[in-house]
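The values are calculated or read from the model by the stated rules, or taken from the named source; none is laboratory data. None of the values given here were measured: they were computed from a predicted structure. Glycine also receives a Cβ, built like all others from the backbone with ideal geometry; neighbour counts cover every protein chain displayed. Accessible surface is based on the protein model in full, side chains and every heavy atom, while ligands, DNA and RNA are left aside. Shrake-Rupley method; radii C 1.70, N 1.55, O 1.52, S 1.80 Å.
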Amino acid sequence: MSVHRFAAMGCVVEVGGATAREAEAIERIFQARDRQFSRFREDSELTRVNRKPHEIVTVSKTFGQMVERALVAASATGGLVDPTLAGALAAAGYDRDFDELRPRAETAHSGPPGRWRAVSMVGRLLVRPVGLELDLNGVVKGQTVDEAVGLLSGDGFVTAGGDYAGRGEFDVALPGGDSVRVTRGALATSGTTKRRWLRAGVWQHHLIDPRSGRPAESPWAEVTVNAGTCLEADVAAKAAFLLGFDGPAWLDARGLAGRFLPEDSAPVLNDVWERSVADPVAA
């Protein structure tokens, strides 16, 4: 199977099984979303919205839909997956494209806690307090993977920085060296082993605890979740990571399969994952 690769949204995107026309269309979608939702592009719609000195801002249809998805994710996770943490990410040092981050002597600071309940959409009108900055990456990448897979005319897959969705059965590599055969749905992984940086000699990462405005402390290095869509899996993986030792039971209560990888020991599988895996490479 041919695989088309390109860079977008700060990661490598891989598209398998697509025709040349499908691969081109998928790349266009990812690049367009990158231009629209990047925190680090001066010309992105997200940057323009975050800088608007008005409480009510008119946004594009796509932007409004992503905000609505982000608010649904926040509600479903009790506020754990919060779209209002752009300021906290910058305070932790994530203030430019990840590839441009270098160790710095400055100490990271706590950012403002999450305030997702202060945000609402009324038609195409975004309502939020002046100065409250959004970061929609928690839903944009997963949603884009889902839409990209929908463009495939036959069996194939799309992966993007730990997110996977496919049509047909494929073996997918997991953090720590294992693999699993995905027969339906999508996989998403949230963790700290790759997207982290040093500030004053202390490791920081992008998974912010909305209650403290700081990078979360968790017993897990990586959390992988299987769900019906990549967006659902992505949101659940981040919430389960932030919940720490309560993560496996939280996923079980929602019928979602989860694999939890600690820093220095064997993976922990929740009950749904164990029931879903028929052999070492089947799920």
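Return yes or no: is Gly138 touching a strand residue (DSSP E or B) at 6+ places or on another chain (Cβ under 8 Å) and closer than 26 Å to Gly16 by Cα?
No; evaluated as a whole, the condition is false for this residue.
Answer yes or no: is there a residue in the range 259-269 that is without any contact (Cβ under 8 Å) to a residue 40 or more places away in the chain, touching a strand residue (DSSP E or B) at 6+ places or on another chain (Cβ under 9 Å) and among the charged types (D, E, K, R).
yes
Could you please let me know if Val223 is farther than 30 Å from Leu101 by Cα and of a type in the set (Val, Ile, Thr)? Full working, then the answer.
Details: farther than 30 Å from Leu101 by Cα: no; of a type in the set (Val, Ile, Thr): yes.
In short, no.
Do the conditions hold for Gly156, that is, is it closer than 18 Å to Val15 by Cα, open to solvent by less than 40 Å² (accessible area, probe 1.4 Å) and in contact with a Phe, Trp or Tyr (Cβ under 9 Å, 6 or more places away or on another chain)? Working first, answer last.
Working: closer than 18 Å to Val15 by Cα: yes; open to solvent by less than 40 Å² (accessible area, probe 1.4 Å): yes; in contact with a Phe, Trp or Tyr (Cβ under 9 Å, 6 or more places away or on another chain): yes.
Answer is yes for this residue.
Please find, among Arg259, Arg195, Arg275, the residue that is under 19 Å from the mean Cα position of the chain (by Cα) and open to solvent by 40 Å² or more (accessible area, probe 1.4 Å).
Arg195
Going by the conditions given, is Leu187 at pLDDT 95 or above and either part of a strand (DSSP E or B) or within 21 Å of Arg275 (Cα to Cα) (or both)?
Judged against the criteria, Leu187 is a match.
Return the residues of the range 199-208 that are over 29 Å from Ser276 (Cβ atoms) and open to solvent by 20 Å² or more (accessible area, probe 1.4 Å); say none if nothing qualifies.
Here is the first cut: in the range 199-208, the ones over 29 Å from Ser276 (Cβ atoms) are 199-204, 208.
Ala200, Gly201, Val202, Trp203 - these are the residues of the range 199-208 that are over 29 Å from Ser276 (Cβ atoms) and open to solvent by 20 Å² or more (accessible area, probe 1.4 Å).
Answer yes if at least one residue in the range 108-131 is surrounded by 19 or more Cβ atoms within 10 Å (Cβ to Cβ), charged (D, E, K, R) and either out of contact with any helix residue (DSSP H, G or I) (no Cβ under 8 Å at 6 or more places or on another chain) or in contact (Cβ under 8 Å) with a residue 40 or more places away in the chain (or both), and no otherwise.
So far as the range 108-131 goes, yes, one or more of its residues are surrounded by 19 or more Cβ atoms within 10 Å (Cβ to Cβ), charged (D, E, K, R) and either out of contact with any helix residue (DSSP H, G or I) (no Cβ under 8 Å at 6 or more places or on another chain) or in contact (Cβ under 8 Å) with a residue 40 or more places away in the chain (or both).
Which ones in the range 223-274 are among the small types (Gly, Ala, Ser) and assigned to a loop (DSSP other than H, G, I, E, B)?
Gly228, Gly255, Ser265, Ala266
Is it the case, given these coordinates, that Ala70 is buried (at least 23 other Cβ atoms within 10 Å of the Cβ), out of contact with any strand residue (DSSP E or B) (no Cβ under 8 Å at 6 or more places or on another chain), touching a residue at least 12 places away in the same chain (Cβ under 8 Å) and not in a loop (DSSP other than H, G, I, E, B)? So that I can check it myself, show each step before the final result.
On the way: buried (at least 23 other Cβ atoms within 10 Å of the Cβ): yes; out of contact with any strand residue (DSSP E or B) (no Cβ under 8 Å at 6 or more places or on another chain): yes; touching a residue at least 12 places away in the same chain (Cβ under 8 Å): yes; not in a loop (DSSP other than H, G, I, E, B): yes.
In short, yes.
Can you name the residue in the range 226-244 that is over 12 Å from the mean Cα position of the chain (by Cα) and under 19 Å from Ser179 (Cβ atoms) and is also most open to solvent (accessible area, probe 1.4 Å) among such residues?
Checked the range 226-244; the qualifying residue most open to solvent (accessible area, probe 1.4 Å) is Asn226.
Being in a loop (DSSP other than H, G, I, E, B) and open to solvent by 30 Å² or more (accessible area, probe 1.4 Å) is the filter here; which residues of the range 82-107 pass it?
Asp95, Arg96, Asp97, Arg102, Pro103, Ala105, Glu106, Thr107
Looking only at the range 9-56, which residues are of a type in the set (S, T, N, Q) and under 29 Å from Gly93 (Cβ atoms)? If you could, list the steps in order and put the result at the bottom.
Taking the range 9-56 and keeping what is of a type in the set (S, T, N, Q), we get 19, 31, 36, 38, 44, 47, 50.
Matches in the range 9-56: Gln31, Gln36, Ser38, Ser44, Thr47, Asn50.
Can you name every residue in the range 19-52 that is assigned to a loop (DSSP other than H, G, I, E, B), closer than 19 Å to Pro129 by Cα and polar (S, T, N, Q)?
none
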